[in-house]
Amino acid sequence: KGSALYVSGGKAFSFSSLYSLNNADYGAIYLADKATLETQKDNFLSKSAQSGGAIYVASGSVTSRSTIYRSNSANSMGGGLFFSPSTALNSLSDTFTENTASSGGALYSFASSISRGNFTLNSADRGGAIEGGGTFSNCFFGLNQASGGAGAFYIRFSTTITSSTFNSNSAAFGGAFVISSPATFTLSGSTFRGNSAIMGGVLYPIGNNSNIDIRTSSFDSNSASNGGVFGSGSTFGKTGVDSLIVMNCNFTSNSATSSGGVFHFDGVIRSLQINLNIRMITNKASRDGGCFYASELNSFGSTASICVQTRGNTAGGNG
C-alpha cells in the first residue's frame, strides 16, 4: 500500500513532486485513519495498482490543485484515484489524461467536488473518465471512451454538473453518461458535441428510478444507432425513470442511424417535461422519428408534457 507514501492520520503536503513508475496494490499514495493530503502542481505518471493507480483513499480526504494525473492504471477501479465511501476529493484545475481502469478510467469517487478539471483520452470498460458522483463545474471531457457504458461519466450517485463541455466521448451505451438508478442527475449550462454510442449518443439511463433534470444546455452533432442524444432500452433490464425534465435547450444536427434522432424512448418514464424554449433543428433518423421515437414498449406516467420548436428535421421512415 502506497509505493511512495503511506499516511495514517494527520496531514501530508506534496508540492511540485514527480511520482513515476512505482507500483503497488493500492496507490503511490495511500491514505488511512482520516488522513488528509494536499497536493499542488504534482505529476503522477505511469503508476499502476489494483485500484487507485496514483492515490488510494481508504479513509480521509484529498485537496488537489493544478496536478497532472497521466497514464496511470488500475486493474479494478480508479486508474488515477480511488476514494472509499465517506471520503472526499476537492479538485481545482487538475488534468486527468490517458488513465485506464476497469471502472472509472481516471477517477472512482462517491462524492467529488471538481472545478476546472480537464479529462481527456481516459478509458475503461465502464466510465471512461469517472465512475461515481459529486459536483462538477467548468470541466472539460474530451475523447474519453468506454467499451461498455458511459464514455465520460458513469453516474452511480447524486451528481450536479454546471458549465461544462463534453466533446467526442464514446461508448457502447451512453456516449457521455450512463445514469444508474437511483441516482439524481442535474445538468445546466453545458455543451455536448460529437459524442457517440450504439444507444444514447449522450445519455443512457439504467435501472428503475433515476431523476434527470437538464436545463440551458446545447447538444450538437451527437450520434447513435438509437437516440442521438437520449437513448433508453432493455439492454440492462427495463428502464424506468421517475422524472425527466428538459428545459431551455437546443438540439442541432444530432442523428440516429436507426430511430430517434434526438430522443429514443423504450421504457417507463413516470413524469416527463420537455418544454419551455426547446429548439430542435436539422436532426435526423435513418428510420423513424427525426426528433422523437417511442416504441410500443414505452409508457409515460400521468404527467407528460412535450412542447418544442422544430425546423428541418428528417426521418427516412415515419415521423
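The values are calculated or read from the model by the stated rules, or taken from the named source; none is laboratory data. Just so it is clear, the structure is predicted and the values come from calculations on it, not from any experiment. A quick note on method: Cβ atoms are made from the backbone with ideal geometry, for glycine too, and the neighbour counts reach across all protein chains shown. Note: areas computed on protein heavy atoms with side chains; ligands, DNA, RNA excluded. Shrake-Rupley method; radii C 1.70, N 1.55, O 1.52, S 1.80 Å.
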Cα gyration tensor shape of region 164-206, rounded if a/c is under 1.5, else prolate or oblate by comparing a/b with b/c: oblate
Measuring with a 1.4 Å probe in the full set of protein chains, what accessible area per residue, in whole Å², belongs to the chain? 37 Å²
At R0 = 30 Å the Cβ-Cβ FRET efficiency linking Lys34 and Thr165, nearest 0.05, sits at 0.30
To the nearest 0.05, what FRET efficiency results for Ile281 and Asp213 with a Förster distance of 25 Å applied to their C-beta separation? 0.65
Does region 1-140 come out rounded, prolate or oblate by the C-alpha gyration tensor, with a ≥ b ≥ c the root eigenvalues, rounded set by a/c under 1.5 and, if not, prolate when a/b is larger than b/c and oblate if not? rounded
Using a 1.4 Å probe and ignoring any ligands, DNA or RNA, find the accessible area of Lys47 and quote it in Å² to the nearest 10. 0 Å²
As a test question: what accessible area, to the nearest 10 Å², does Ser16 have when a 1.4 Å probe is rolled over all protein chains in place? 70 Å²
Gyration tensor verdict on region 133-266 (Cα atoms; rounded if a/c is under 1.5, prolate if a/b is larger than b/c, oblate otherwise): rounded
What is the distance in Å between the Cα centres of region 134-193 and region 23-39? 27 Å
Given a 1.4 angstrom probe, I'd like the percentage of the accessible area of region 211-287 that is carbon and sulfur, rounded to a whole number. 47 percent
Show me 54-60, 89-95, 172-178 ranked by packing, highest mean number of other Cβ atoms within 10 Å first. 172-178, 54-60, 89-95
Which one, (i) 1.52; (ii) 1.03; (iii) 0.96, gives Rg/Rh (Cα atoms, Kirkwood Rh) as derived from the coordinates shown? (ii)
Probe radius 1.4 Å, ligands and nucleic acids left out: which of Tyr26, Tyr204 has the largest accessible area, and how do the rest follow? Tyr26, Tyr204
Hits in region 72-93: amide N under 18 Å from the 7 Å Cα→Cβ extension of Asn118, namely 72, 80, 91-93
List, in order, the whole-Hz ³J(HN,Hα) value for each residue of region 32-42 obtained from phi through the Karplus relation with A = 6.51, B = -1.76, C = 1.60 and θ = phi - 60°; use x for Gly and Pro. 9, 6, 6, 5, 10, 10, 10, 10, 9, 6, 8
Please list Tyr154, Tyr293, Tyr69 in order of solvent-accessible area, largest first, computed with a 1.4 Å probe with all protein chains present. Tyr293, Tyr154, Tyr69
Met199 - accessible surface, heavy atoms, 1.4 Å probe, Å² rounded to 10: 20 Å²
At a 1.4 Å probe, what is the % contribution of carbon and sulfur to the accessible area of region 9-108? 45 percent
